[in-house]
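To start, the structure under review is shown below, and the notes come after it.
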């Protein structure tokens, strides 16, 4: 899982606990040894480099356009997340995109920037160099692919609430899923 674990040992533990067949690849082992993440999270997150791999051709939008659409959605009647998220994405699809991002593109960014859009969007750069945001589900962020069948299955963290992740499982194929899942567990309390 690229960008999800602080150490390779944490990744190996999950692979063993879930009896997965996976290869653990350390993206920056030398840099990781220099990082002290016992202090403030924001400062530490800026030292972590994450890889954003685009798996499907997708549109990307500016932060301002995403915010404009979100603000317009705030005026609509309240609905649960499983209805609100697709409604938001449908409205965003109708908005002007900053650019289109080709499949198999790779981008690097700090972990601090990675979570600015709450696992709905990932930071990318348009071909002209302008900063934009691509749908999280168009990436391999916080995911692992298992090869239980010829196509493979993508397991991706798509939401975290109250320290509980929602992991979406879908066929590993070069298209963005049409539906978005809601956290079945919710927050206790």
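None of the figures in this text is laboratory data; all of them are computed from the coordinates on show. The structure displayed is predicted, hence computed values, not measured ones. Note: ideal-geometry Cβ built from the backbone for every residue, glycine included; neighbour counts use all protein chains shown.
Our note on the geometry: Cα centres of the range 144-162 and the range 108-135, 21 Å apart.
Return a whole-number percent for the relative contact order of the range 8-171, with Cα pairs under 8 Å and 6 or more residues apart as the contact set. Walk me through the numbers on the way to the answer.
On the way: 233 pairs, mean separation 38.9, N = 164.
That works out to 24 percent.
Distance between the modelled labels on residue 131 and residue 90, one decimal in nanometres: 3.1 nm (7 Å Cα→Cβ projection). Ratio of Rg to Rh for the range 8-171: 0.97 [Cα atoms; Kirkwood radius as inverse mean 1/r over pairs]. Model label sites at residue 23 and residue 7, defined 7 Å from Cα along the beta-carbon direction, differ in position by 2.4 nm.
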